[in-house]
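> After the structure tokens below, expect a handful of questions from me.
The values are calculated or read from the model by the stated rules, or taken from the named source; none is laboratory data. What you are looking at is a predicted structure, and each value in this text was computed from that prediction instead of being measured. Here the Cβ positions follow ideal geometry from the backbone for every residue, glycine too, while neighbour counts run over all protein chains shown.
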Amino acid sequence: MANKKTSKRLLVEDYCKMPKYHGWKDLTLAKRIYLENPKVFKDVESVRSMVRDVVGHMSDRRRAQATDKSQFKPLTHDTRNWKPFKEEVNTSAKVLIIDIETAPIMAFVWGIWQQNVGIQMIKSDWFCLTWAAKWLFEDKVYSGKLTPKEAKKTR
């Protein structure tokens with residue numbers, strides 16, 4: 001069963017086809033449509049959902065349920081000409097990029113809101129669970145992690 005397009009839907013489609021609105025964010029365009037047609041739509045959010053439907057910015061679930069798929073952008077992107085960003089900089093500085101994941105501090109507290117935790121209340125301090133590092137403009141990545149057994153020992 002095909003969905004019949006309402007006058008509201010047709011109005012939104014007309015706005016989305018106008019070249020001067022190409023590249024606008026969904027909410028920005030929805031605000032413009034609402035401000036220019038306040039008697040047609042009840043609120044900006046209803047216009048925004050219609051704009052998202054028309055330009056194909058919707059969730060995969062809604063995309064699968066839609067009967068008219070002619071307006072959708074393709075799900076895949078052409079990556080044949082993609083090259084990783086690698087900018088050469090004339091510098092003698094060595095820059096290390098590092099990322100760490102830590103375990104939380106565990107403490108004995110009496111409440112959950114706006115607590116001032118003293119050092120004597122700390123049961124166990126934070127510690128590093130995993131880390132990864134790489135020198136800028138080099139390909140090799142260094143990393144390390146605790147095993148579950150090691151993590152339990154540190155608590």
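> Please go through the stretch 18-39 and pick out each residue that is surrounded by 14 or more Cβ atoms within 10 Å (Cβ to Cβ) and either touching a strand residue (DSSP E or B) at 6+ places or on another chain (Cβ under 9 Å) or closer than 19 Å to Lys5 by Cα (or both).
Listed by number, the residues that qualify are Ala30, Ile33, Tyr34, Asn37.
> Taking the conditions exactly as written (in a helix (DSSP H, G or I), modelled with pLDDT under 80 and more than 30 Å from Leu136 (Cβ to Cβ)), does Ala30 satisfy them or not?
No, not satisfied.
> A follow-up question, please. Can you confirm whether the stretch 51-65 contains a residue that is in contact with a Phe, Trp or Tyr (Cβ under 7 Å, 6 or more places away or on another chain), modelled with pLDDT of 80 or more and surrounded by 12 or more Cβ atoms within 10 Å (Cβ to Cβ)?
Within the stretch 51-65, none of the residues are in contact with a Phe, Trp or Tyr (Cβ under 7 Å, 6 or more places away or on another chain), modelled with pLDDT of 80 or more and surrounded by 12 or more Cβ atoms within 10 Å (Cβ to Cβ).
> So, Arg80, is that one at pLDDT 60 or above and either assigned to a helix (DSSP H, G or I) or over 30 Å from Trp135 (Cα atoms) (or both) or not?
Considered against the rule, which asks whether it is at pLDDT 60 or above and either assigned to a helix (DSSP H, G or I) or over 30 Å from Trp135 (Cα atoms) (or both), Arg80 comes out as no.
> Scan the stretch 109-122 for residues that are of a type in the set (A, V, I, L, M, F, W, C) and exposed (fewer than 10 other Cβ atoms within 10 Å of the Cβ) and report the count.
Of the residues in the stretch 109-122, 4 are of a type in the set (A, V, I, L, M, F, W, C) and exposed (fewer than 10 other Cβ atoms within 10 Å of the Cβ).
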